[in-house]
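Working notes, structure below.
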Amino acid sequence: MCISRWRQQINIYKNIRCLVCQGQSLNDSNSDFAIDLKKVIKKKIINKESDQEIYKYLTERYGDWILFNPPLKINTFLSVSYTHLTLPTNREV
């Protein structure tokens, strides 16, 4: 594998969340899920799929949660907004 494809592979690994390990990227995870998904991504890179094609495949299969930086969509915005609105504060009224 050439250096540019290797870099592409590592960048994708760093932007994908391991669904087994809370808060870890695929790059940092050694779970069975991460190992299997790395193989899938590597195969797609060897088949010369673009980053966008790979991310599209992953989000269609696992949802936006698999991305560390998911695109802003109305349902993403509403869930984040709701979380912030319902968090308790330490301020006195």
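No lab work stands behind these numbers, since they all come straight from the coordinates. Because the structure is a prediction, the values reported are computed rather than measured.
Assorted remarks:
- 5 angstrom amide H check on residue 25, placed H, neighbours 5+ away: 18
- HN-Hα J in Hz across the stretch 8-21 - Karplus 6.51, -1.76, 1.60, θ = phi - 60°, x for Gly and Pro: 4, 4, 5, 4, 5, 4, 6, 9, 10, 7, 6, 6, 8, 8
- Here the extension length gained between residue 5 and residue 22 equals 3.4 nm, from 0.36 nm per residue of separation less the Cα-Cα distance.
- Across the stretch 17-75, Cα pairs under 8 Å and at least six residues apart give a relative contact order of 30 percent.
- Rounded to the nearest whole Hz, the Karplus-based 3J(HN,Hα) values (6.51 cos²θ - 1.76 cosθ + 1.60, θ = phi - 60°) of the stretch 27-34 follow the sequence 4, 8, 9, 10, 5, 4, 4, 4, with x at glycine and proline.
- Summarising the amide proton neighbourhood of residue 67: residues at separation of 5 or more, or on other chains, whose placed amide H is nearer than 5 Å comprise 17.
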